[in-house]
Amino acid sequence: MKPGDTELILAAKQLDQEALQTIFDSYSTPIYNYALRLCEDGVEADNIVGDVFALLFEQLAKGKGPETNIRSYLYQTAYRLIIDHSRER
């Protein structure tokens, strides 16, 4: 967990645009690279990133989502989506 994750999560749950942008800017590229390594398809990896952040923002809007570790939450979500996509194929 990076220092400040808890404060960032609390701000994101209030739908603070700066907090949401910080989360996206900090994690979108690493999540894309992770998805690309696992699925070996740039378009699918890009779709995974979009889905990961859509799910995160949806959960945050409901006051749910990660409590302390954004990074772990995002990677777990990406992994589940990659598995789901591979099952669909």
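The values are calculated or read from the model by the stated rules, or taken from the named source; none is laboratory data. Small disclaimer: the values here were computed from a predicted structure and weren't measured. Don't worry about glycine lacking a Cβ; one is built from the backbone with ideal geometry, like all the others, and counts go over all protein chains shown. Areas reflect the complete protein model, heavy atoms only, side chains present, ligands, DNA and RNA absent. Shrake-Rupley method; radii C 1.70, N 1.55, O 1.52, S 1.80 Å.
Some observations on this one:
- Verdict on L55 being touching a Gly at 6+ places or on another chain (Cβ under 7 Å) and either modelled with pLDDT under 95 or among the aliphatic types (A, V, I, L, M) (or both): no
- Residues of the stretch 37-68 that are more than 11 Å from the chain's Cα centre (by Cα), open to solvent by less than 60 Å² (accessible area, probe 1.4 Å) and more than 15 Å from Q14 (Cα to Cα): C39, G42, E44, A45.
- For the stretch 25-52, a residue qualifies if it is among the hydrophobic types (A, V, I, L, M, F, W, C) and either out of contact with any helix residue (DSSP H, G or I) (no Cβ under 7 Å at 6 or more places or on another chain) or closer than 15 Å to Y73 by Cα (or both), and the qualifying residues are I31, A35, V43, I48, V49, V52.
- Number of the condition not met by Q17 [criteria: (1) open to solvent by 40 Å² or more (accessible area, probe 1.4 Å); (2) within 14 Å of the chain's Cα centre (by Cα)]: (2)
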